[in-house]
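What follows draws every value from the coordinates through simple rules; no lab data is involved. Since the model is a prediction, treat every value here as computed from it, not as a measurement. Note: ideal-geometry Cβ built from the backbone for every residue, glycine included; neighbour counts use all protein chains shown.
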Amino acid sequence: MTVIRRSGHGVVHFPPPTTAYEDMLKLLKSDSAHAVIDTREPEEWNLGHIVGSINIPLQSLKHTIFSLVPNKDAPIVILFTYQPHHIQDLEKMGYKQVSFLDLSWELYGYQEFCQMVNTAVLENS
């Protein structure tokens, strides 16, 4: 159940919208417009990342996203953070389908999770 509440920052979805791991895999395998955004710092990204994802560190998200994801109707899945105001900020900018990846990645850690996703995406390509 999603509850929408008001805060000092406007309307906040609680809990924030999430995308299941399996649904993210479908997006990554599809030809449809989408964006999977990895919010880690470049040093972490360079150690291993999901093929097809875009690296935009959190502090740059609001200022960089439009140049990398101009299609505001495309689904956006944000990886490796779970702070509701990031979704709210992108919705204020006109993005319509923004969600976090569910917390399944926490079971594995960053690098192992990225390797697992890449294997799953590439094995059926």
Karplus-derived 3J(HN,Hα), 6.51/-1.76/1.60, for each residue of the stretch 77-93, Hz, glycine and proline x: 10, 9, 9, 6, 7, 8, 10, x, 5, 5, 5, 4, 4, 6, 5, 4, 7
Rounded to whole Hz, the Karplus (6.51, -1.76, 1.60) HN-Hα couplings of the stretch 95-103, x for glycine and proline: 6, 9, 10, 10, 8, 8, 5, 4, 7
GNM result for the chain, Cα springs below 10 Å: residue of Val36, Val77, Val51 fluctuating most strongly: Val51
Distant-in-sequence amide H partners of Val98 (H built 1.01 Å from N, under 5 Å): Ile76
Long-range lysine pairs (8 or more apart or interchain), the chain, Cα under 23 Å: 9
Cβ-derived FRET efficiency at R0 25 Å, Leu47 paired with Glu123, nearest 0.05: 0.65
Relative counts (whole %) of C-alpha pair distances in the stretch 23-125, using bins that are 10 Å wide: 15, 51, 31, 3
Asp38 long-range amide H proximity, modeled H, under 5 Å: Ile54, Asn55, Ile56, Leu79
Value of relative contact order over the chain, rounded to a whole percent, pairs C-alpha under 8 Å and six or more apart: 31
